[in-house]
Amino acid sequence: MNLKDIGEFGFIKRITPNSVNNPKNVMRAIGDDAAVFDIGKNECVVLTTDLLVERVHFIKEALTGYQLGYKSLAANLSDIAAMGASPQHAFVSIGIPKDTSLEYLDEIYRGMKELAKQYNVNILGGDTTSSIVDLIINVAITGVGKKGSLLYRNTAKEGDIIFCTGFLGDSKAGLDFILKSEQPENNNEKRLFEAHCLPRPHIEEGLFLANSGAVHSCIDISDGLSSDLMHIAEESNVGFVLLEDGIPVSEDLLQYCKERGYSAVEYALAGGEDYVLVCTADSKKARKLEKDFYKTFKRTLYSIGTITKGKQYLMKTKDGTLIDVKPKGWDHFA
Ligand code: ADP
Ligand code: MG
């Protein structure tokens, strides 16, 4: 058997057994957006890491150093957000081809440090090595959260309403410009490109959801709604029905897709790196959650479906038909 037969997530399942030798204080191991340890006094530490590899995650010529640095930290902050925690300390490791310009590397750190400053995050260490061909960046980050209010992937409940904290699919449209070697021309194309290059991690939203007392589970959208919601469903042993009508797509994406004959909903389902949060909430508390979210952020918390019993993953289309949802998001080996 080969890696591509089981995919990225089959591989993670395969390496999970026997990875915890001292379960004391481990509240969550492999399987969530971050691991969680109990440190007493009702506080928990969360810890996560993400690896970015040139030509796999980014094309050096297409992103500025600033954007690359910003994005590598943003991806990690987003996992902290998905746990409903506050970010704290980061480690940055980097494998650098020998001919890389110092200015480019300075820009990577400028992007990273500007975002770190925004969220009061320290960069406390890392590692530097050479790399033969590709640039490689790894960020690891810790956060803190309250024991009772952290948000997990495996705690969605039948009847929960599924919510999303922002637009989906913009980042994938932005990536199109890079993959097709095109320049974004008008303002709406530029905003899509920026959504891809400088994603905003939804830290405040994650903390709000964690403190609401209404939210049962949460994940960030790094691989695409269809794949990431499937993680919640699989980990929680539930199904879902998405409502096509509810899936939030920006005017920019609608315009982009209309001009090219693409489906905006397909972009939302398959597009990764939006770094918004998808959560599931107690249906009885859902109305208040929506209202409070709007009061706090002056933006909508989008209701996009419901959690169901069993293992069916469905979407109700605009004409009322139920169709199967397949994980169409990013898998490194599929
Ligand atoms: P995310 O997209 O939120 O970053 P991933 O899909 O990358 O999450 O990872 C899912 C889970 O698998 C996480 O708990 C992560 O720490 C774990 N994981 C991924 N790769 C490895 C690995 N090579 N060894 C151990 N755990 C891993
Ligand atoms: Mg994640």
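Every residue, every condition in (1) surrounded by fewer than 17 Cβ atoms within 10 Å (Cβ to Cβ); (2) within 14 Å of I80 (Cβ to Cβ); (3) not β-branched (V, I, T), yes or no:
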| residue | (1), (2), (3) |
| --- | --- |
| T129 | yes, no, no |
| G143 | no, yes, yes |
| L151 | no, yes, yes |
| G159 | yes, no, yes |
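Please state which of the following conditions H196 fails to meet, knowing it meets all the rest: (1) surrounded by fewer than 19 Cβ atoms within 10 Å (Cβ to Cβ); (2) assigned to a helix (DSSP H, G or I); (3) more than 16 Å from ligand 2 (Cβ to nearest atom). Single failed check for H196: (1). The criterion of being in contact with a Leu (Cβ under 6 Å, 6 or more places away or on another chain), in the same structural domain as F167 (by TED's automatic domain parsing) and open to solvent by 50 Å² or more (accessible area, probe 1.4 Å) holds for K316.
Within the stretch 97-111, is even one residue in contact with a strand residue (DSSP E or B) (Cβ under 8 Å, 6 or more places away or on another chain), closer than 23 Å to V276 by Cβ and either part of a strand (DSSP E or B) or open to solvent by 30 Å² or more (accessible area, probe 1.4 Å) (or both)? The answer is no; no qualifying residue exists. Within the stretch 290-313, the residues that satisfy the criterion of being aromatic (F, W, Y) and surrounded by 17 or more Cβ atoms within 10 Å (Cβ to Cβ) are F293, Y302, Y313. If you go through the stretch 219-245 and keep only what is of a type in the set (D, E), open to solvent by 10 Å² or more (accessible area, probe 1.4 Å), within 14 Å of ligand 2 (Cβ to nearest atom) and within 18 Å of D170 (Cβ to Cβ), you end up with just D223.
Restricting attention to the stretch 39-63, and to residues there that are farther than 30 Å from T129 by Cα and under 24 Å from the mean Cα position of the chain (by Cα), which single residue is most open to solvent (accessible area, probe 1.4 Å)? Steps first, answer last, please.
Step one: of the stretch 39-63, the residues farther than 30 Å from T129 by Cα are 39-44.
Filter once more, keeping what is under 24 Å from the mean Cα position of the chain (by Cα): 43-44.
Values: E43: 82, C44: 0 Å².
Step by step, filter the stretch 39-63, then rank; the result is E43.
Among the residues of the stretch 75-86, is any of a type outside the set (S, T, N, Q) and more than 22 Å from S217 (Cβ to Cβ)?
First pass over the stretch 75-86, keeping only residues of a type outside the set (S, T, N, Q): 75, 77, 79-85.
Adding the requirement that they be more than 22 Å from S217 (Cβ to Cβ) leaves none.
There is no residue in the stretch 75-86 that is of a type outside the set (S, T, N, Q) and more than 22 Å from S217 (Cβ to Cβ).
Screening L47 against (1) of a type in the set (A, V, I, L, M); (2) modelled with pLDDT under 95; (3) closer than 30 Å to D106 by Cβ leaves a single unmet condition, (2).
The values are calculated or read from the model by the stated rules, or taken from the named source; none is laboratory data. Computed from a prediction, not measured in an experiment: that's the story for all the values here. Neighbour counts run over all protein chains shown; Cβ positions are idealised from the backbone, glycine included. Accessible surface areas use protein heavy atoms only, side chains included; no ligands, DNA or RNA. Shrake-Rupley method; radii C 1.70, N 1.55, O 1.52, S 1.80 Å.
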